[in-house]
Amino acid sequence: FQVTTLLDASRDSILAGIAEAFADAGDGDVSLFYITCHGAYADGMTVFVENTFLSRYSHVSELCRFGADIRVEGKVAVVDGVKRLLSANVRAYDLRGAAALVVAALCARGKSEIGGIEYLERGYEDFELVLSELGADIKKI
C-alpha cells in the first residue's frame, strides 16, 4: 500500500474511526491499533501486557521506523509517547502487524509504503476501502 494521511486529519478522529470500523475485530487487533497510535502519541508512558500470543510484538521494529519509541521485554511493551510519527517504508510479516503498520502510516506525516499487504488481504475485507472512507489517502501499488 501507499498511504498518505490528510494534513487536517487528527489522530483522535482516525482512532475513533478505526475503533468503530473494526469494532468486531478480536482483542489482539484492537490492542495493536491502540499500541500503534494512542500509545505512540500519548503523553508519558503506556504499558501493554500480552498474555495470549507472545509474538504479538513482532512488528515493533518496523513501527520504530516511523519514530515510535517502543521497548519490548518478554510479554511487556513499554511505549513512550512521541510528538509525531514520520512517514516510512516498512514491511509487514503477519496479519495484525500489517494492520498496525497501516494505522501508523495513517497517523504519520507524509507518504509511507507498506509491503506485505497480502497478509491484510487474507484477514480483513476491504481494508483500504474502510480506511479511505475515514479520510485516508490509501492505494495499492
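The values are calculated or read from the model by the stated rules, or taken from the named source; none is laboratory data. All values reported here derive from a predicted model rather than from experimental measurement. Please note: Cβ atoms are built from the backbone with ideal geometry, for glycine as well, and neighbour counts cover all protein chains shown. Note: areas computed on protein heavy atoms with side chains; ligands, DNA, RNA excluded. Shrake-Rupley method; radii C 1.70, N 1.55, O 1.52, S 1.80 Å.
When the range 65-85 is limited to residues that are of a type in the set (D, E, K, R) and assigned to a loop (DSSP other than H, G, I, E, B), the one that is most open to solvent (accessible area, probe 1.4 Å) turns out to be Lys83.
Only one of the numbered conditions (1) under 23 Å from Gly17 (Cα atoms); (2) over 15 Å from the mean Cα position of the chain (by Cα); (3) modelled with pLDDT of 90 or more is not met by Glu73, and that is (1). If only residues of the range 50-61 that are part of a loop (DSSP other than H, G, I, E, B) and among the hydrophobic types (A, V, I, L, M, F, W, C) are counted, the one that is least open to solvent (accessible area, probe 1.4 Å) is Phe53. Against the test of being more than 17 Å from Thr4 (Cα to Cα) and small (Gly, Ala, Ser), the options Gly110, Gly44, Gly67, Gly115 yield a single qualifying residue, Gly44. Within the range 89-123, the set of residues being acidic (Asp, Glu) and touching a His at 6+ places or on another chain (Cβ under 9 Å) comprises Asp94 only.
So that you can scan it fast, the table gives a plain yes or no per residue for (1) surrounded by 19 or more Cβ atoms within 10 Å (Cβ to Cβ); (2) within 16 Å of the chain's Cα centre (by Cα):
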| residue | (1), (2) |
| --- | --- |
| Asp43 | no, no |
| Phe48 | no, yes |
| Leu63 | yes, yes |
| Val90 | yes, yes |
| Asp94 | no, yes |
| Leu101 | yes, yes |
| Ile138 | yes, yes |
